[in-house]
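The values are calculated or read from the model by the stated rules, or taken from the named source; none is laboratory data. Keep in mind that what you see is a predicted model, and the values were worked out from it rather than measured. Note: ideal-geometry Cβ built from the backbone for every residue, glycine included; neighbour counts use all protein chains shown.
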Amino acid sequence: MVLNREILVIGDYYVDHIFTGAERWPAPGQEVFARTLESVPGGAFTHARALHRLDVTTAWAADLGNDELSDTIRRAAEAEGLSPSAFLEYEHPRRRLTVAVTHEGDRGFISYRDTVERPDFPSVIRNRRPGYLLTVELAVSETWRQIAEACKEVGARILLDPQHNDLTVDNVELVETLASVEVFLPNVEEAIAMTGQPDAAAAAIVLGTYVPVVVVKDGSRGAFLHHDRNTVHVSAPIAPDVVDTVGAGDCFDAGFAAAFAHGLSLRACTELAVICGSISVGGSGGSTAPRASELAFAYPYLVPWATHVRGASE
């Protein structure tokens, strides 16, 4: 039987204007100059690109309008070789823009998005019938319940990155959402805010009472994996010179999802995730997300599906 390893990504695109090397955070009324500026496609594009580079069958339900920012995403997807087969096209603007500033390894954002109707993601799920859904926005509305029901109908397993929300585990709707998720991928700040716990490990344990698999991203310290009442810390490799941390968590998600879709152990999934996240900080906006063929030289056991790894073993 051929396993369905397609990963459908659901999440908004953003075009990121990334300022790096700011000498300090600007105070009100002050102007601060950065050393570099790049404009790159971001948001869920980063997840889709990172998955595609890992040789995973990837579909992205990007909702795009008739505006210049949407065109930027179309061109970037074409250049990367991403399939547009799941794109949702609209005849009105659907603009999303983020300005990111990095300073001493930290980052701040200001974003804008047009107020528009949400796409019919449940229909996309039912039509494509993916093996996995990677969603990069936490929702607690009827829309989420419909998405979860569609995944249940087609047998798609859900991985969720909450992406900066203000909900806590005291919220009944959040608990209902988490009950439909198999893998939860918050960063340490999100996990602590949700649970009120003092650190990543403690937060992972609490979240593990709601979700079968919890992986808390802890930056350069790696990640905490919690499953079946066990918590494991996975250290990150030494990262290259840090250019930009924007997109590192997205590449982490992609690494975990790729390994998960190929049936690797949860420990191996987390190892690949922290490696992908660590490598991505060497460029702006996750642009240095690694390819499976590159990882296969140093980590063949983590990407056994890579073409030349298979060829070497035959």
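Numerical summary
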{"read-out": "Restricting region 215-232 to residues that are more than 21 Å from His47 (Cβ to Cβ) and surrounded by fewer than 24 Cβ atoms within 10 Å (Cβ to Cβ), the residue that is nearest to the chain's Cα centre (by Cα)", "value": "Arg221"}
{"read-out": "Sole residue being among the charged types (D, E, K, R) and within 24 Å of His47 (Cα to Cα), chosen from Asp166, Asp170, Asp199", "value": "Asp166"}
{"read-out": "Residue list for region 169-198, filter: small (Gly, Ala, Ser) and in a helix (DSSP H, G or I)", "value": "Ala191, Ala193"}
{"read-out": "Residue within region 289-300 that is buried (at least 24 other Cβ atoms within 10 Å of the Cβ), among the small types (Gly, Ala, Ser) and at pLDDT below 95 present", "value": "yes"}
{"read-out": "Yes/no for Ile275 being touching a residue at least 24 places away in the same chain (Cβ under 8 Å), crowded, with 21+ Cβ neighbours inside 10 Å and more than 23 Å from Thr231 (Cβ to Cβ)", "value": "no"}
{"read-out": "Filter result (modelled with pLDDT of 95 or more, under 26 Å from Cys251 (Cα atoms) and part of a helix (DSSP H, G or I)) within region 122-149", "value": "Pro122, Val124, Ile125, Arg128, Ile147, Ala148"}
{"read-out": "Residues of region 104-121 satisfying the condition of being in contact with a helix residue (DSSP H, G or I) (Cβ under 7 Å, 6 or more places away or on another chain) and not in a loop (DSSP other than H, G, I, E, B)", "value": "Phe121"}
{"read-out": "Residues within region 98-129 that are among the hydroxyl-bearing types (Ser, Thr, Tyr) and touching a residue at least 60 places away in the same chain (Cβ under 8 Å), tallied", "value": "3"}
{"read-out": "Subset tally (residues that are surrounded by 24 or more Cβ atoms within 10 Å (Cβ to Cβ) and either out of contact with any helix residue (DSSP H, G or I) (no Cβ under 9 Å at 6 or more places or on another chain) or not acidic (Asp, Glu) (or both)) for region 12-46", "value": "9"}
{"read-out": "Residue count for region 80-108, restricted to those that are of a type in the set (Gly, Ala, Ser) and under 23 Å from Glu189 (Cα atoms)", "value": "3"}
{"read-out": "Qualifying residue in region 233-255 (condition: in a strand (DSSP E or B) and over 23 Å from Thr36 (Cβ atoms))", "value": "yes"}
{"read-out": "Any strands (runs of 3 or more DSSP E) falling wholly within region 1-73 and containing at least 1 residues that are of a type outside the set (Gly, Ala, Ser) and closer than 16 Å to Val99 by Cβ", "value": "13-20, 36-43"}
{"read-out": "Filtered residues of region 82-103 (kept if out of contact with any Lys or Arg (no Cβ under 9 Å at 6 or more places or on another chain) and either small (Gly, Ala, Ser) or in a loop (DSSP other than H, G, I, E, B) (or both))", "value": "Ser83, Tyr90, Glu91, His92, Pro93"}
{"read-out": "Unmet requirement for Arg49, which otherwise passes all of (1) of a type in the set (Lys, Arg); (2) closer than 25 Å to His164 by Cβ; (3) surrounded by fewer than 18 Cβ atoms within 10 Å (Cβ to Cβ)", "value": "(3)"}
{"read-out": "Qualifying residue in region 180-188 (condition: more than 24 Å from Ala254 (Cβ to Cβ) and crowded, with 16+ Cβ neighbours inside 10 Å)", "value": "no"}
{"read-out": "Whichever residue in region 233-271 is more than 16 Å from Val303 (Cβ to Cβ) and surrounded by fewer than 16 Cβ atoms within 10 Å (Cβ to Cβ) and, among such residues, is modelled with the lowest pLDDT", "value": "Pro240"}
{"read-out": "Criterion: under 30 Å from Ser220 (Cβ atoms), over 21 Å from the mean Cα position of the chain (by Cα) and loosely packed, with under 13 Cβ neighbours inside 10 Å - qualifying residue of Glu91, Glu104, Glu117, Glu68", "value": "Glu104"}
{"read-out": "Selection status of Leu159, of a type in the set (A, V, I, L, M, F, W, C) and in a helix (DSSP H, G or I)", "value": "no"}
{"read-out": "Some residue of region 199-213 being at pLDDT 95 or above and in a strand (DSSP E or B)", "value": "yes"}
